[in-house]
């Protein structure tokens with residue numbers, strides 16, 4: 001396995017593709033003008049955010065353990081410190097088309113966008129879910145990119161950061177909207193994932209895994225359906241109104257109700273049986289979800 005290439009700064013990536021650095025914390029790169037092509041299997045980690053739009057059919061990229069469905073007209077958003085692997089070699093350099101926006105977290109320090117970045121969960125989608133866009137959507141994002149490029153070509157002044165960050169935020173908000181649209185238009189895929197999650201949880205709560213390992217985690221569920229935790233939670237939220245953690249708790253509470261009404265076991269015994277190390281945590285969660293303590297629920301029924 002090849003060592004990871006760590007690209008620390010915006011000037012580093014500009015130097016790599018022989019692009020002039022106009023701003024130390026942000027750059028826009030036209031892929032059609034790139035002279036360098038990374039070899040197959042090259043692994044790269046950047047200390048900044050990367051948003052890449054590809055308008056040609058060529059290679060795939062691996063992000064985490066999964067391959068991106070990085071086809072013509074698709075976009076990926078990658079958070080700092082994530083490792084990307086160039087999976088297959090680009091056949092013809094002249095076929096390369098698209099753009100990349102790269103910006104360092106320091107650009108966002110002290111701005112409203114800096115506090116909102118955690119809300120853009122698509123930066124943590126580690127699977128084959130690139131964003132596929134219509135021609136109109138591509139034009140809207142490219143308009144944001146052009147505005148950022150225009151600012152980068154101007155002399156940096158007191159307004160530069162505000163205008164650049166505002167256009168990055170606008171672009172991210174459009175990405176959030178388009179991902180929401182993509183969730184809606186993939187109903188068959190979403191329903192299949194929902195069915196898988198329900199089956200996985202049903203089997204888990206009916207097995208010895210609960211007693212041995214405690215509650216299943218969101219990461220456990222995501223791994224079982226080959227999705228990242230954030231993508232799975234967002235998908236379930238769009239489909240059912242409940243995120244992945246809510247689904248786990250729903251199955252837990254239903255199982256707890258069955259035991260409370262079907263046995264004479266103490267609350268502590270039930271808590272341990274459901275994988276809780278401390279019974280008070282079980283009681284607190286049960287009341288939070290039902291409005292009653294376990295004992296109150298038992299008495300009422």
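The values are calculated or read from the model by the stated rules, or taken from the named source; none is laboratory data. Keep in mind that what you see is a predicted model, and the values were worked out from it rather than measured. Virtual Cβ from ideal backbone geometry, glycine too; neighbours counted across all protein chains shown.
The table below gives the values:
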{"read-out": "Subset tally (residues that are free of Cβ contacts under 8 Å to residues at least 12 places away in the same chain and under 21 Å from residue 285 (Cβ atoms)) for region 218-227", "value": "2"}
{"read-out": "Subset of region 241-257 (residues that are assigned to a helix (DSSP H, G or I) and more than 28 Å from residue 298 (Cβ to Cβ))", "value": "244"}
{"read-out": "Failed criterion for residue 154 (all others in (1) at pLDDT 90 or above; (2) under 22 Å from residue 13 (Cβ atoms); (3) outside the structural domain of residue 20 (by TED's automatic domain parsing) hold)", "value": "(1)"}
{"read-out": "Residue tally, condition over 14 Å from residue 249 (Cβ atoms), in a helix (DSSP H, G or I) and under 35 Å from the mean Cα position of the chain (by Cα), over region 260-282", "value": "5"}
{"read-out": "Residue within region 129-136 that is under 28 Å from residue 251 (Cα atoms), part of a loop (DSSP other than H, G, I, E, B) and touching a residue at least 12 places away in the same chain (Cβ under 8 Å) present", "value": "yes"}
{"read-out": "Test: residue in region 170-180 that is more than 18 Å from the chain's Cα centre (by Cα), on the phi < 0 side of the Ramachandran plot and modelled with pLDDT of 90 or more", "value": "yes"}
{"read-out": "Residues (at negative phi and in contact with a helix residue (DSSP H, G or I) (Cβ under 7 Å, 6 or more places away or on another chain)) located in region 267-283", "value": "267, 268, 270, 271, 273, 274, 276, 279, 282, 283"}
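Let's see how each residue does on (1) farther than 26 Å from residue 122 by Cα; (2) touching a residue at least 40 places away in the same chain (Cβ under 8 Å); (3) within 22 Å of the chain's Cα centre (by Cα):
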| site | (1), (2), (3) |
| --- | --- |
| 158 | yes, no, no |
| 185 | no, no, yes |
| 190 | no, yes, yes |
| 196 | no, no, yes |
| 206 | yes, no, no |
| 216 | no, no, yes |
